[in-house]
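The values are calculated or read from the model by the stated rules, or taken from the named source; none is laboratory data. As the structure is a computational prediction, the values presented were derived from the model and not from experiment. Heads up, the Cβs are rebuilt from the backbone with ideal geometry, glycines too, and the neighbour counts pull from every protein chain shown.
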Amino acid sequence: MFAFSDDANQPRRRPPVPSALRDLARPVVAAAARTLPVTQSLSSILPRGALRRGSVSVVSGSQGSGAISLALALAAEASAQGHWCGVVGISDPGATAMSEVGMDLRRVLFTPEPSKRWLEVTAELLDGVELLIVRVQAAVAFSAARRLSARARERRAALIIVTEHRQYWPLPADLGLSIRSSTWMGIGRGDGHLRSRRLELEVAARGEHLRLVSVWVPSQDGAILVAHGHGHGDA
């Protein structure tokens with residue numbers, strides 16, 4: 001059966017395309033285009049081994065615990081592969097340390113002191129970068145968090161929030177990395193140098209069980225390494 005009239009004098013009308021067929025006909029987006037790469041050593045603790053575009057991750061830990069270093073390590077591979085990244089609210093990111101974890105500083109935009117305009121600055125940067133790290137030092141209003149999450153999804157950018165307290169970000173995160181403890185190695189009894197730092201993390205991803213993971217940031221040779229990880233019951 002044909003969907004057109006047999007009368008040649010009648011205009012032929014194309015039947016509507018079923019919605020299910022329209023969905024099947026849409027271009028397929030490669031998995032690589034939906035994610036941003038992370039260093040191989042950290043890929044094992046992330047869903048699908050990468051940061052999903054449009055997602056929000058929260059890295060939380062007390063001041064000096066290594067939360068900033070961990071967030072920068074997550075962005076290192078993306079910048080090294082040519083993706084534009086941004087860093088907001090970190091006054092002294094440490095260019096040397098960032099280079100050591102593999103970041104390409106030529107691909108990073110810094111706004112160290114956005115003051116009270118941090119929300120506007122963050123929203124504007126999401127228009128131009130593919131991965132954005134934002135340090136927040138106080139509770140974020142629900143409306144502001146919702147606005148930034150929506151902007152990240154719209155622009156297909158990965159947003160990483162760094163904060164001392166997880167509850168400062170009022171929305172559920174696609175990925176949560178909470179630092180439970182941070183231990184430096186290399187100091188003897190009044191001598192020696194800080195050589196490596198071991199972080200004990202809680203990794204919470206949507207649809208997955210809570211996991212406990214140990215990460216060296218950095219290890220003795222300066223690299224980022226995952227020590228081990230295991231599940232945590234039915235949490």
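So, of the residues in the stretch 90-122 that are out of contact with any strand residue (DSSP E or B) (no Cβ under 7 Å at 6 or more places or on another chain), surrounded by fewer than 17 Cβ atoms within 10 Å (Cβ to Cβ) and at pLDDT 90 or above, which turns out to be nearest to LEU36 (Cα to Cα)? Among those residues, the one meeting the criterion is ARG106. Among what's in the stretch 169-189 and is charged (D, E, K, R) and either surrounded by fewer than 19 Cβ atoms within 10 Å (Cβ to Cβ) or in contact with a helix residue (DSSP H, G or I) (Cβ under 6 Å, 6 or more places away or on another chain) (or both), pick the residue that is modelled with the highest pLDDT. Across the stretch 169-189, the extreme among qualifying residues is ARG180.
A count restricted to the stretch 140-168 and to residues that are part of a loop (DSSP other than H, G, I, E, B) and surrounded by fewer than 14 Cβ atoms within 10 Å (Cβ to Cβ) stands at 1.
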